[in-house]
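Below: the structure, in C-alpha cells.
Please treat every number below as a calculation from the coordinates, not as lab data. Everything numeric here is computed off the predicted structure, so don't read it as measured data. Cβ atoms come from the backbone with ideal geometry, glycine included; neighbour counts cover every protein chain shown.
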Amino acid sequence: MPEKKSIKKEVYVLIAIIVVIVLLLLFVFRNSLFGTPSGYEDVISQYFTAICDRDFNSYVDTMPDEIAADYETEKTDLEYSDYQYMDELYYDVFDEFGEDVAITLTFGEATRPDDEYIDYFVQSYEELYGESISTSKVYGVYVNANFAGSLSEDDIEFECFVLKTGGRWYMVGCDFWSEESEE
C-alpha cells in the first residue's frame, strides 16, 4: 500500500507542476498579445546610439523604409557623407554636450497615443508616401535620456513613438521636453 500513496503523491506533484507551467505560459502569452509591448527598447536604444556615434546606416535602420529613404535622399542631395549628415542633423547635440557625447536611457511607461494623434500620423504618412501603414501596434514610450559629454551633461525627457509592423519595431517619431518648451 505505501507504494500507491507514493505514486499518487508523485502524480499530484506532477499535475501541480504542469498547472504552474500552463499558468505561466498563459500569463506570458496574454501579456505579449494584449499587455504592454515588449522589444521596443532595442530600436529606441539603437536610434539614440546611432545619433551619438553619427552612424547613419544604423540610424535609418530604426525607421520604416519610406522614412529611411527620405533621409537617404536628403543626404545624397546635400552631397554629405554619412558622418557629415548625422553631424549636421544633430549639430545642437554635439554643440551642447561635446563631440564625445554618450547616452544612457531609462525607459518609462509605454502607452497607446490617443486616436487623434494616430489619425494625424496615418494621414500624414499616406500623404507623404502614398500608402497606408498599420497602426494597430503603435506606442508612445517615455524615455529619460542622460546625455553626457566633455562640455556638459543633462537629462532630457522624450516620448518616443514606436510602431510594430512586419514583426519588427520601428521608430516613427520622438518628442522632447526642455525647460524652455515648458514655459
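Regarding the chain, what whole-number volume in Å³ per residue does the convex hull of its Cα atoms give? Don't skip to the answer; put the middle values down first.
On the way: hull volume 34.5 nm³, N = 183.
Per residue, the Cα convex hull of the chain comes to 188 Å³.
For the Cα atoms of the chain, what angle does the longest principal axis make with the long axis of helix 2-34, in degrees from 0 to 90, nearest 10?
20 degrees
Tell me, what is the percent relative contact order of the stretch 76-183, built from C-alpha pairs under 8 Å that lie six or more residues apart? Kindly include the intermediate steps, with their values, before the conclusion.
Numbers: 153 pairs, mean separation 25.2, N = 108.
Result for the stretch 76-183 is 23 percent.
Kindly identify the stretch 65-151 as rounded, prolate or oblate by the Cα gyration tensor criterion: order the square roots of the eigenvalues as a ≥ b ≥ c, call it rounded if a/c is under 1.5, otherwise compare a/b with b/c, prolate if a/b is larger, else oblate. Before the final figure, lay out each step's value.
Values: a/c = 3.35, a/b = 1.26, b/c = 2.65.
Oblate is the answer for the stretch 65-151, as a/c is 1.5 or above yet b/c matches or exceeds a/b.
Given Cα pairs under 8 Å that are at least 6 residues apart, what percent is the relative contact order of the chain?
Working: 220 pairs, mean separation 34.5, N = 183.
Normalised by residue count, the contact order of the chain is 19 percent.
Rg(Cα) of the stretch 120-160 divided by 2.2 N^0.38 Å?
Values: Rg = 16.2 Å, N = 41, 2.2 N^0.38 = 9.0 Å.
Compactness ratio reported: 1.80.
What's the magnitude of the charge dipole for the chain around its Cα centre, counting Lys and Arg as +1 and Asp and Glu as -1 at the beta-carbon? Answer in Debye, nearest 20.
Details: 11 positive and 40 negative charges, 559 e Å.
Charge dipole of the chain: 2680 debye, to the nearest 20.
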